1. Could you tell me the center-to-center distance, by alpha carbons, between segment 357-432 and segment 104-142 in angstrom?
2. Tilt of helix 261-273 relative to the longest C-alpha principal axis of the chain, in degrees (0 to 90, nearest 10)?
3. In the chain, with Lys and Arg counted as +1 and Asp and Glu as -1 at Cβ, which of these residues, CYS277, ALA422, ASN405, has the Cα nearest the positive end of the dipole, that is, farthest along it?
4. For VAL58, enumerate residues with amide H under 5 Å from its amide H, sequence gap 5+ or separate chain, H modeled in the peptide plane.
5. Quick one: Cα centre-to-centre distance for segment 189-265 and segment 158-173, in angstrom?
6. Give the accessible area for LEU184 in Å² (nearest 10); use a 1.4 Å probe, count only protein heavy atoms, and leave out ligands, DNA and RNA.
7. In straight Cα distance, which lysines are under 17 Å from LYS198, not counting same-chain residues fewer than 8 positions off?
8. Going toward the positive end of the dipole of the chain, with +1 on Lys and Arg Cβ and -1 on Asp and Glu Cβ, which of TRP194, VAL37, THR49 do you reach last?
Amino acid sequence: MGLLVGAAVMVTSSAQAATTLGASAAERSGRYFGTAVAASRLSDSAYTTILNREFNQVTPENEMKIDATEPQQGQFSYGNADRIVQHARSRNMQVRGHTLAWHSQQPGWMQNMSGSTLRNAMLNHVTQVATHFRGQIAWWDVVNEAFADGSSGARRDSNLQRTGNDWIEAAFRAADAADPNAQLCYNDYNIDNWNDAKTQAVYRMVQDFRSRGVPIDCVGLQSHFTGGSNYPSNYRTTLSSFAALGVDVHITELDIRNAPSDAYRNVTNDCLAVARCKGITVWGIRDSDSWRSGESPLLFNGSGQKKAAYDAVLAALNNGTTPTNPVTTPPPTGNPTTPPPSGNCTATITPGTVWGDRYNTSVTVSGASTWSVVVAITAPQKVSTTWSGSFSWDSSGNVMTVRSNGSNTFGFTTMMNGNSSARPQIRSCTAG
């Protein structure tokens with residue numbers, strides 16, 4: 001049985017709507033729904049319960065910034081960042097690296113530098129940090145907040161800018177050399193309204209980079225909104241306009257004062273409407289974890305209870321559809337039916353949505369209420385997102401064991417990585 005060609009195939013029906021944010025984003029549209037994570041809160045069981053249940057992507061809140069990773073020149077410190085990365089990767093969550101080059105949160109030694117000395121120190125920092133995490137980061141915020149607010153459309157006056165106008169390009173090229181398989185992003189705030197001078201200035205930079213072959217893959221819109229009225233009516237235009245340049249777009253630090261359901265719903269729907277919008281990250285889990293805690297801007301209150309905005313986002317995700325650029329060439333082929341099972345249960349593969357670079361797979365287990373299924377992925381394909389099961393991996397990273405967690409189905413998204421013909425294979429299904 002081959003995959004359907006031309007029409008998108010949904011993994012779930014409305015009667016089987018996902019019940020968590022990350023699972024819904026992955027199942028419905030192959031996207032992520034993530035959160036900023038603080039290493040100091042990983043010992044808080046209430047915090048990690050929500051994190052592990054709801055999200056399939058994480059961004060270290062402060063642990064990868066310059067002052068944290070290179071507190072003294074040439075002396076790098078990765079302990080807290082490593083903790084977050086290991087926590088995420090052990091649960092098959094994608095990681096966003098934040099951030100390699102920024103005018104803020106610089107250690108004192110860097111603040112006191114200028115000129116070529118600063119430029120060389122910045123490039124060394126980018127190289128060392130990106131090399132340390134090579135292969136573990138899906139996206140890097142290579143440069144953060146390099147443009148000025150207001151109507152000028154100018155670059156921000158910073159010590160990095162004063163090393164020369166090509167400093168952003170130089171940072172991207174250094175990151176590309178250090179971690180060539182990661183996606184490289186420019187990230188900023190107040191670039192949500194398409195009509196704003198700052199938005200247009202960032203757009204022109206990305207357009208220029210793309211025209212000259214500077215390695216930029218994505219743009220991150222922080223989207224720190226001050227309320228429903230701050231959400232611009234042309235937000236979708238902004239997302240689609242950046243995407244039209246041939247880069248992906250990400251909503252990277254979403255929080256909205258008082259968490260109005262309509263604004264959260266609108267942001268989610270706007271991302272779902274733009275094929276190259278890869279996902280949404282909220283900047284914290286509970287209101288008490290937020291840098292804007294007094295404004296109650298997140299999807300969970302301080303006690304960890306879901307707010308109305310959470311329900312609005314989940315409903316929007318569950319109503320989401322396939323992006324508007326489904327594959328037009330034949331998708332991966334092969335026989336997705338299950339080989340004779342070992343043990344006394346059966347695992348059956350159902351093909352899901354296919355895009356140009358990835359595809360979804362759903363597996364249904366019958367014959368046992370508790371079970372263990374072994375699935376093999378053909379290299380260089382890699383699983384990027386999972387849902388509705390307990391997943392572990394062998395040392396190769398291409399054979400996964402999935403155990404029941406109360407459901408008789410599970411699923412995953414596979415990145416093709418240049419191999420568009422192979423399909424996942426069920427190796428065994430064992431009851432108990």
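1. If we compute the Cα centre of each part, the gap is 37 Å.
2. Between helix and principal axis, roughly 80 degrees.
3. Farthest along the dipole direction, towards plus: ALA422.
4. Result for VAL58 returns THR35, GLN94, VAL95, ARG96.
5. Taking the Cα centre of each part, segment 189-265 and segment 158-173 sit 22 Å apart.
6. 0 Å²
7. Hits, sequence-local ones excluded: zero.
8. THR49
The values are calculated or read from the model by the stated rules, or taken from the named source; none is laboratory data. None of these values were measured; they are calculated from a predicted model. FYI the Cβ positions are ideal-geometry reconstructions off the backbone, even for glycines, and counts take in every protein chain you see. Surface areas here come from the heavy atoms of the whole protein model, side chains and all, with no ligands, DNA or RNA. Shrake-Rupley method; radii C 1.70, N 1.55, O 1.52, S 1.80 Å.
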